[in-house]
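Novice: Encoded as C-alpha cells, here's the structure I'll be asking about.
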Amino acid sequence: MSDAVAPTSRPSPGAPGGPVYEWRHPEDTTLHKVVRDNLRTLYAAVEDGYACAPLPAFVRAELEGYLDCGVLCRGFALMACPGCPERHLVAFSCKRRGFCPSCLGRRMAQTTANLLDHVLPQTPLRQWVLTVPHALRTRLAYDRVLLARVGRLFVATVLGFYRRRLGDLRVHPGRGQSGAVTVVQRTSADLKLNPHLDSVFLDGVYAPGADGKPVFHALPRLSTSDVADVLQAARARILGDLRRRGVVVMDDDSENPLVEDDGFSDRESALAHLAAAAVSGAPPAGPERRSRPPIPLRGHPGVAVTAPLTVTEMGFSLHAATHAGAHDARAREALVKYILRPPIAQERLRLLPDDLVRIVLRRPFRDGTTAIDLDPLSLLSRLAAAVPPPRQHGIRYAGVLAAASKWRAQVVPPPLPSPAAEPDPQGELPQRPSPPPTWRCRYRPWAELLRRAFAIDVTTCPRCGGPLRLLALVKDPGGVARYLRHLGEPTEPPPRSPARAPPYWKSRAFRRRVAEPPSLLEE
Ligand SMILES: [Zn+2]
Ligand SMILES: [Zn+2]
C-alpha cells in the first residue's frame, strides 16, 4: 500500500483539492439494524428448539454475509484518479442471492439492462404470473427439479395459447411462436414464502414472412375468459403431471391437491420445516389471514375473477393484466424490473416505536391491506425462508427466446455499436481490443469485472471525468483498521445485540388497511 494514497483526514465533501471518499453505510439502514439486533435471538430460539425450523447452513451464511455486505471495516477497494486527488473507498459486497437489497438491487439493474438491450425484441410485452396452492408451496420452495418442471409446463401452456389464438386469426396456423423470460420469485410482497412464476411474454407470435424471416403478429386483445382458459389448462397439466409422478393425490371431496409425503422432510428436514413454517404461518413466520371474496366467472365453473385479467381456480391463480407497448421504454423497464425484484426493498421497511417492523406494500392487497407490521424475529424468519437453496435460481428463456431457437438471433435486438476502448492509463490491468459486438458476447472489460467481482461501479472520476483506477484491495484487518482510523470511521462492525430470553416470538402480525385502525389478526 503506497503512502501516496493513504488518507490523512476525513475530507469535507467536495473540498477543492482535497481527497473525496464515498461509501454507502448499510449499517445505518433499518433492515441492517433489525437483522443485527435479532440474529442472536433467532439462533438462540433455534437452538432452544422454540422454533420448529432449524436453520440450514446456507441460510446462516446468507444472514451473516448480509451483515458484512458493504461495511467498510470488512475490507474495501481503493480507487484513485491519476489526474486529481480523487479517491474512493468501495466496500466489498456479499453478492448473495437471497435478500440483500443492495446486491439484489444491483443484479436487478444489470439483468434488466441486459434483457432490454440484448434479449427482448421490440414487441409488446405481457406479464403472466402463476401462483400455486398452499399445499404445493412448501414442496416447490425447496425442490428445484419439481419447480423447474412446473415452470416448463406453465410456460408451454401460455406459448400454446398464443400459437392457437393467433392461428385462429389465420396467422400461420400452428407455426407461430411466442417467447418468454421466466423468473421464480420466492415470496409475496409481505415476504411470506410463496414460490411463484413471473414471466414476461412477447404479447403475440413470430411467424415466417414471405421471405421466410420471422415477422411479429401482436395479440389483438386478451380477455378474462382467455386468462381463465390458460389457467385451467395450466392447472390441469401441472396437477396431471404431479399426479403421475406421485407428488400429489387428489382429494375427491374438495378437488384440492394433497401433497404426498415423498420422504423429502426426512431427507431435508431443516428445509422442510423452514418451508412448512413459513408457508403455514406457524412460528417462526408469523400468522396471516387474507379475505378472498370470489366472483364466479361465467362460462368457467370453478373459476373466480379477483381483478381484471386475474383469475383463480382451486388454489392456483393467474395474473395477466400488466402490459407494455413495443415502444414504451418506461413500461418495459418497469415490467422487467418487477419480475426481477428483490424480496424486500430497503425503503419499504420501517421501525415502529412499539418494537414492531413494518413492511409497506408496493401495491395494497385485494383486501385493502397496505402494510404488515410484525415482530422483528418474524421478519428474520421470513427472510430466512426467502433464501433460495443452492442452485435454485436463474432466468429461463422459452419459445423464440430459447437458446436453441433458430429464430432467436433474428428476433433479439441488434447489437449495440462498439463501445469506446476501455481506458487504462497505467497499463496495470490487461487491455484487450473490443471484439465485434454480438448478443452472445462474453467479453467483459476490466471495469465490468471489478463491477461483478467487487461491486465496484466507480470507473469515472466525478471531479475531472478521468478514469478511476484500482489502487489496492485492502482486506487484511490491520490495513483496513489503519485506513479507517485515518478517516475517523469505525474500525469494528456495529455490535450485535445479545440474545433475548424467551418468549422469543410475539407471534403477532398486524395488517394496516387504508383509513382503518390496525386489526390484530391472531395471538
Ligand atoms: Zn450484499
Ligand atoms: Zn479526477
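Bear in mind that the values in this text are calculations on the coordinates, not laboratory data. Note that the structure is a prediction, hence the values are computed from the model and not measured. Note: ideal-geometry Cβ built from the backbone for every residue, glycine included; neighbour counts use all protein chains shown.
Novice: How much FRET efficiency would the formula 1/(1 + (r/R0)^6) give for ARG243 and ARG40, where r is the Cβ-Cβ distance and R0 is 51 Å, rounded to 0.05?
Specialist: According to the calculation, E is roughly 0.70.
Novice: Mind running the shape call on the stretch 344-401? Use the C-alpha gyration tensor, a ≥ b ≥ c as the square roots of the eigenvalues: rounded below 1.5 for a/c, prolate if a/b tops b/c, oblate otherwise.
Specialist: The shape class here is oblate.
Novice: Kindly put HIS217, HIS486 in sequence by how many other C-beta atoms sit within 10 Å of each C-beta, fewest to most. Before the final figure, lay out each step's value.
Specialist: Values: HIS217 18, HIS486 13.
Taking fewest neighbouring Cβ atoms as first place, the list is HIS486, HIS217.
Novice: Which ³J(HN,Hα) values in Hz, rounded to whole numbers, follow from the phi angles of the stretch 30-42 under the Karplus curve 6.51 cos²θ - 1.76 cosθ + 1.60, where θ = phi - 60° and Gly and Pro get x?
Specialist: Rounded to whole hertz, the list is 4, 4, 4, 5, 4, 5, 6, 7, 10, 5, 5, 5, 4.
Novice: Something else now. Can you return the lysines within cross-link range of LYS213? Criterion is Cα-Cα under 17 Å, with same-chain partners fewer than 8 residues away left out.
Specialist: By straight Cα distance, LYS213 reaches LYS406.
Novice: Among LEU468, LEU202, which comes first, then next, by fewest other beta-carbon atoms within 10 Å?
Specialist: LEU468, LEU202
Novice: Could you give the length gained by full extension between VAL360 and GLU64, i.e. 0.36 nm per residue of separation minus their alpha carbon distance, to one decimal place?
Specialist: 104.1 nm
Novice: Tell me which residues come under 5 Å, amide H to amide H, from CYS81 once H is placed; ignore anything under 5 positions away on its chain.
Specialist: When sequence neighbours closer than 5 places are left aside, the close amide H contacts are GLU86, ARG469.
Novice: Report the net charge of residues surrounding ARG341, where surrounding means a beta-carbon distance below 10 angstrom and charges are Lys +1, Arg +1, Asp -1, Glu -1.
Specialist: +1
Novice: Sequence-distant or interchain residues sharing an amide H contact under 5 Å with VAL303, placed H: which?
Specialist: So VAL303 has HN proximity to LEU297.
Novice: Compute the separation of the alpha-carbon centres of the stretch 93-165 and the stretch 34-91 and state it in Å as a whole number.
Specialist: Comparing the Cα centres of the stretch 93-165 and the stretch 34-91, I get a distance of 27 Å.
Novice: Now a separate question. For labels at THR30 and LEU351 in the simple 7 Å Cα→Cβ model, what's the distance in nm?
Specialist: Distance between label points: 1.1 nm.
Novice: Evaluate E = 1/(1 + (r/R0)^6) for ASP226 and ARG391, where r is the Cβ-Cβ distance and R0 equals 25 Å; express this FRET efficiency to the nearest 0.05.
Specialist: Efficiency computed from Cβ-Cβ geometry: 0.10.
Novice: Each residue of the stretch 365-377 in turn: what ³J(HN,Hα) in whole Hz from Karplus with 6.51, -1.76, 1.60 and θ = phi - 60°, glycine and Pro shown as x?
Specialist: So the J values, rounded to whole Hz, are 5, 4, 7, x, 5, 10, 7, 10, 10, 8, 6, x, 5.
Novice: Run down the lysines and flag those whose C-alpha is under 26 Å from the C-alpha of LYS337, throwing out any fewer than 8 positions away in its chain.
Specialist: Here the lysines satisfying the reach criterion relative to LYS337 are LYS95, LYS192.
Novice: For a footprinting-style exposure proxy, rank HIS300, HIS196, HIS134 by other Cβ within 10 Å, fewest first.
Specialist: Fewest to most other Cβ atoms nearby, the residues stand as HIS134, HIS300, HIS196.
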